[in-house]
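Asker: Sharing a structure here in structure tokens format.
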Amino acid sequence: MTKFVFVTGGVVSSLGKGIAAASLAAILESRGLKVTLIKLDPYLNVDPGTMSPFQHGEVFVTDDGAETDLDLGHYERFITTRMKKSNNFTTGQIYKSVLEKERRGDYLGKTVQVIPHVTNEIQDFVKRGAGIGTDDAVDVAIVEIGGTVGDIESLPFLEAVRQLSLKAGPNNAAFVHLTYVPWIAAAGELKTKPTQHTVQKMREIGIQPDALLCRADRPIPDDEREKISLFTNVARHGVISVWDADTIYKVPRMLHEQGLDELICMKLQLFTRPANLGRWDRLVHEVEHPKAEVTIAMAGKYTELSDSYKSLNEALRHAGIHHHAKVNIEYVDSETLTPGTVGDLARYDAILVPGGFGKRGIEGKIEAARYAREHGIPYLGICLGMQVATIEYARHKAGLAGANSTEFEPEGPHPVIALIDEWQDADGSIQKRDANSDLGGTMRLGSQSSDVKPGTLAHEIYGPVVTERHRHRYEANEKYLQRLQEAGLVISAITQREKLTEMVELPREVHPWYVGVQFHPEFKSTPWDGHPLFISYIDAALKHRQQRLKETTA
Ligand code: GLN
């Protein structure tokens with residue numbers, strides 16, 4: 001029988017609800033339970049695929065091709081259960097489904113209302129996410145509700161989970177509420193009033209939290225915890241202090257030490273072996289005791305917001321952990337990179353061009369790829385970064401002046417990157433993109449496999465087959481592949497089904513480490529094993545650093 005833990009938030013957003021939920025899941029998993037995590041997003045977008053990274057942060061992609069909230073990335077990095085489409089849904093999806101049913105006549109002429117139709121739909125989606133009724137049913141489903149209590153949008157979700165907890169029964173559902181306890185410098189005090197109010201708000205809608213995770217910049221002293229307990233009707237041992245940690249990997253231990261998992265297991269009557277957080281402790285030790293370091297230049301567009309490249313940052317750090325090295329990531333705004341300034345990249349140990357959409361900053365990224373190629377600096381191009389490397393190679397090595405992607409220049413002379421239906425056009429002319437095409441539905445998404453060419457760096461890293469996740473529309477244009485290969489670019493992996501270019505690289509005789517990948521390897525990296533591509537890249541960066549330092553001291 002599947003039990004539920006509902007995780008809600010109060011006072012303000014961005015307190016780390018996703019990390020808290022994932023940490024609880026990790027502890028429960030270490031107790032031998034089968035756990036999954038489900039994220040409910042109260043906004044009206046059907047999925048975050050069409051939202052700007054400035055608005056929303058990274059869009060995480062699952063194996064089955066869902067474009068999801070970035071919290072699902074944390075979930076996959078913290079627990080072993082893999083996330084699917086059904087692990088994340090939005091108000092938009094709920095309404096879409098309800099309206100489709102209404103049009104089909106499924107409601108038999110009834111008036112369709114938020115309660116019960118929308119709230120029932122939410123409950124069905126939660127149960128589906130938990131795998132109830134299938135072989136994948138979990139012991140515990142941790143359900144994180146996005147937004148904060150008091151938002152108009154969150155209300156149907158809170159009502160739905162309240163009903164679900166009632167139907168499940170008292171020992172089958174628990175509520176954890178994440179709140180904020182601000183430090184007021186002028187008074188020299190931690191203030192509990194916002195927490196009192198947010199719990200009142202919860203109780204108004206019929207939910208009494210079993211545990212409070214009190215976020216503050218420092219540990220909360222016992223007398224303040226006592227006060228919070230008294231005012232919120234949460235048992236004293238349920239008032240848990242969650243202070244700022246320098247690494248997210250410390251959070252599972254922090255919660256466990258204060259008895260959160262024990263409280264949840266008692267409430268849910270789950271009798272398990274004790275938690276074992278040994279691997280988290282070893283991970284924290286590794287993070288805190290690096291023996292080397294590297295600094296990577298990431299030439300991107302969304303440099304103001306580190307959440308835009310969440311999984312990528314994590315993947316680089318995981319590979320660092322594998323090499324006992326600290327990985328520093330410096331964002332370089334690609335709009336500032338010109339032939340005059342690109343020389344500044346000489347002081348980095350490696351260059352990375354991440355994924356992205358739209359024209360802005362493109363020429364700077366091309367400069368970065370060129371600089372890395374001409375100066376033997378390890379280069380990793382991800383998705384757009386591979387496309388940029390291909391354009392650069394076409395322009396400067398294959399004699400294709402003005403080469404570009406039709407994403408940035410629809411009528412250019414050499415569309416080396418283009419939409420498939422553009423480059424497959426029989427008479428050789430470039431078709432205009434359909435301006436009305438559905439931006440939410442035309443991507444190559446999710447997991448796909450490719451064959452890897454023997455004797456390449458890609459083969460050394462992945463072996464004969466590479467299976468990674470995708471999120472893009474444009475592809476390397478088949479018509480130019482021969483020309484590019486003759487000019488020395490190696491196409492080291494092609495998809496098994498459509499024979500699309502998946503990886504490009506430069507031969508070792510020409511460059512120590514230069515790789516572009518059309519997929520997003522960062523989505524599959526975990527702190528436990530790292531990821532073979534990033535491990536190889538960081539290894540090259542460490543070597544380049546050594547050589548660079550030797551040259552500067554010589
Ligand atoms: N904009 C490019 C495309 O759609 C690359 C996308 C990406 O980097 N994720 O193909």
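Asker: Just checking, which of R128, R82, R103, R77 is charged (D, E, K, R), assigned to a helix (DSSP H, G or I) and free of Cβ contacts under 8 Å to residues at least 24 places away in the same chain? Let's see the steps before the verdict.
Answerer: On the way: R128 fails: free of Cβ contacts under 8 Å to residues at least 24 places away in the same chain; R82 fails: assigned to a helix (DSSP H, G or I); R77 fails: free of Cβ contacts under 8 Å to residues at least 24 places away in the same chain.
The match here is R103.
Asker: In the set L533, L481, which member is under 29 Å from R77 (Cα atoms) and assigned to a helix (DSSP H, G or I)? Before the answer, list the steps.
Answerer: Details: L481 fails: under 29 Å from R77 (Cα atoms).
So the residue among L533, L481 that is under 29 Å from R77 (Cα atoms) and assigned to a helix (DSSP H, G or I) is L533.
Asker: Against the definition (open to solvent by less than 10 Å² (accessible area, probe 1.4 Å) and in contact with a helix residue (DSSP H, G or I) (Cβ under 8 Å, 6 or more places away or on another chain)), how does L260 come out, yes or no? Give the steps one after another, and end with the answer.
Answerer: Values: open to solvent by less than 10 Å² (accessible area, probe 1.4 Å): yes; in contact with a helix residue (DSSP H, G or I) (Cβ under 8 Å, 6 or more places away or on another chain): yes.
In short, yes.
Asker: I'd like to verify a number: residues in the stretch 497-541 that are among the β-branched types (V, I, T) and open to solvent by 10 Å² or more (accessible area, probe 1.4 Å), how many? I'd like the intermediate steps shown before the answer.
Answerer: Keep residues of the stretch 497-541 that are among the β-branched types (V, I, T), which gives 501, 504, 510, 515, 517, 526, 535, 538.
Among the residues that remain, those that are also open to solvent by 10 Å² or more (accessible area, probe 1.4 Å) are: 510, 526, 535.
Residues flagged as among the β-branched types (V, I, T) and open to solvent by 10 Å² or more (accessible area, probe 1.4 Å) within the stretch 497-541 amount to 3.
Asker: Out of V112, V12, V5, report the one residue that is part of a loop (DSSP other than H, G, I, E, B), touching a Phe, Trp or Tyr at 6+ places or on another chain (Cβ under 8 Å) and either open to solvent by less than 10 Å² (accessible area, probe 1.4 Å) or over 25 Å from R469 (Cα atoms) (or both).
Answerer: Being part of a loop (DSSP other than H, G, I, E, B), touching a Phe, Trp or Tyr at 6+ places or on another chain (Cβ under 8 Å) and either open to solvent by less than 10 Å² (accessible area, probe 1.4 Å) or over 25 Å from R469 (Cα atoms) (or both) holds for just one of V112, V12, V5, which is V12.
Asker: Then there's this: Given the criteria open to solvent by less than 10 Å² (accessible area, probe 1.4 Å) and either under 28 Å from the mean Cα position of the chain (by Cα) or without any contact (Cβ under 8 Å) to a residue 60 or more places away in the chain (or both), does T90 qualify?
Answerer: Numbers: open to solvent by less than 10 Å² (accessible area, probe 1.4 Å): yes; either under 28 Å from the mean Cα position of the chain (by Cα) or without any contact (Cβ under 8 Å) to a residue 60 or more places away in the chain (or both): yes.
Yes; evaluated as a whole, the condition is true for this residue.
Asker: Moving on to the next point. Can you name the residue in the stretch 358-372 that is of a type outside the set (G, A, S) and open to solvent by 10 Å² or more (accessible area, probe 1.4 Å) and is also nearest to the ligand (Cβ to nearest atom) among such residues?
Answerer: This residue is K359.
Asker: Looking at the stretch 35-87, which of its residues are over 14 Å from the mean Cα position of the chain (by Cα) and among the small types (G, A, S)?
Answerer: Listed by number, the residues that qualify are S52, S86.
Asker: For the stretch 128-146, give me each residue that is within 19 Å of D69 (Cα to Cα) and either surrounded by fewer than 19 Cβ atoms within 10 Å (Cβ to Cβ) or in contact with a Cys (Cβ under 8 Å, 6 or more places away or on another chain) (or both). So that I can check it myself, show each step before the final result.
Answerer: Residues of the stretch 128-146 that are within 19 Å of D69 (Cα to Cα), as a first pass: 128-130, 141-146.
If the condition is that a residue be within 19 Å of D69 (Cα to Cα) and either surrounded by fewer than 19 Cβ atoms within 10 Å (Cβ to Cβ) or in contact with a Cys (Cβ under 8 Å, 6 or more places away or on another chain) (or both), then R128 is the only one that fits.
Asker: Turning to a different aspect of this structure: Of everything in the stretch 405-422 that's open to solvent by less than 10 Å² (accessible area, probe 1.4 Å) and closer than 14 Å to I366 by Cα, which residue is farthest from the ligand (Cβ to nearest atom)?
Answerer: The residue in question is V416.
Asker: When both residues are 6+ apart or on different chains and their Cβ atoms are under 8 Å apart, which pairs have a first residue that lies in the stretch 470-484 and is open to solvent by 50 Å² or more (accessible area, probe 1.4 Å), and a second that is among the aromatic types (F, W, Y) and more than 10 Å from the ligand (Cβ to nearest atom)?
Answerer: Once the first residue is open to solvent by 50 Å² or more (accessible area, probe 1.4 Å) and sits in the stretch 470-484, its partners that are among the aromatic types (F, W, Y) and more than 10 Å from the ligand (Cβ to nearest atom) give E478/W423; K479/W423.
Asker: Additional query: Quick one: which residue in H472, H520 is touching a strand residue (DSSP E or B) at 6+ places or on another chain (Cβ under 8 Å), closer than 30 Å to E286 by Cα and within 16 Å of the ligand (Cβ to nearest atom)? Talk me through it step by step, then tell me what you get.
Answerer: Numbers: H472 fails: closer than 30 Å to E286 by Cα.
Sole residue among the options that is touching a strand residue (DSSP E or B) at 6+ places or on another chain (Cβ under 8 Å), closer than 30 Å to E286 by Cα and within 16 Å of the ligand (Cβ to nearest atom): H520.
Asker: Taking G65 and the conditions (1) outside any loop (DSSP other than H, G, I, E, B); (2) closer than 30 Å to P521 by Cα, which numbered condition does it fall short on, given that it satisfies the others?
Answerer: Single failed check for G65: (1).
Asker: Further, regarding this structure: Every residue in the stretch 373-391 that is more than 12 Å from the ligand (Cβ to nearest atom), surrounded by 24 or more Cβ atoms within 10 Å (Cβ to Cβ) and over 20 Å from Y309 (Cα atoms), please.
Answerer: Hit for the stretch 373-391 is I377, nothing else.
Asker: Residue check: is S429 modelled with pLDDT under 95 and either surrounded by 15 or more Cβ atoms within 10 Å (Cβ to Cβ) or not in a strand (DSSP E or B) (or both)? Can you show your working first?
Answerer: Numbers: modelled with pLDDT under 95: yes; either surrounded by 15 or more Cβ atoms within 10 Å (Cβ to Cβ) or not in a strand (DSSP E or B) (or both): yes.
Judged against the criteria, S429 is a match.
Asker: Restricting attention to helices (runs of 4 or more DSSP H) lying wholly within the stretch 242-313, give those where 2 or more residues are among the aliphatic types (A, V, I, L, M) and without any contact (Cβ under 8 Å) to a residue 40 or more places away in the chain. Working first, answer last.
Answerer: Details: elements: 251-257, 260-267, 278-288.
In the stretch 242-313, there are no helices (runs of 4 or more DSSP H) which contain 2 or more residues that are among the aliphatic types (A, V, I, L, M) and without any contact (Cβ under 8 Å) to a residue 40 or more places away in the chain.
The values are calculated or read from the model by the stated rules, or taken from the named source; none is laboratory data. Since we're looking at a predicted model, the values are computed, not measured. Quick reminder, even Gly has a Cβ in these numbers, built from the backbone with ideal geometry, and neighbours come from all protein chains shown. Surface accessibility is based on the protein's heavy atoms, side chains included, excluding ligands, DNA and RNA. Shrake-Rupley method; radii C 1.70, N 1.55, O 1.52, S 1.80 Å.
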